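Asker: Structure in structure tokens, see below.
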Amino acid sequence: MNMTMFHGIGMLIFWIIVFFLIFSIFSKDKENSRETPLDILKKRLAKGEISREEYSKLKDSLLN
């Protein structure tokens, strides 16, 4: 058999893996930018930046 054929297939698989890894890194950044205002509000409550009362008021204003 011709070894160059296997070398070419190996390089193709290598580049597919490289492109997949690069794509997956950049797609994760886009997922974080899709947060809804309610998600951000929940995170602020979890971090202790706002109280439960503030959370309730802001949540009501977002949903209305």
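The values are calculated or read from the model by the stated rules, or taken from the named source; none is laboratory data. Here the structure is a predicted model, which is why all the values come from computation and not from measurement. Cβ sites come from the backbone with ideal geometry, for glycine too, and all protein chains shown count toward neighbours.
Asker: Can ILE9 be described as at negative phi, β-branched (Val, Ile, Thr) and either at pLDDT 95 or above or outside any helix (DSSP H, G or I) (or both)?
Answerer: no
Asker: Also, I was wondering about something else. Return the pairs, sorted by first residue and then second, in which the second residue is part of a helix (DSSP H, G or I), the first residue lies in the range 52-63 and is among the aromatic types (Phe, Trp, Tyr), the beta carbons are less than 7 Å apart, and the residues are 6+ apart or on different chains.
Answerer: Listed pairs, sorted by first residue: TYR55/LEU41; TYR55/LEU45.
Asker: Just checking, which of GLU35, GLU31, GLU49 is in a helix (DSSP H, G or I) and either among the acidic types (Asp, Glu) or at pLDDT 95 or above (or both)?
Answerer: Result of the check over GLU35, GLU31, GLU49: GLU31.
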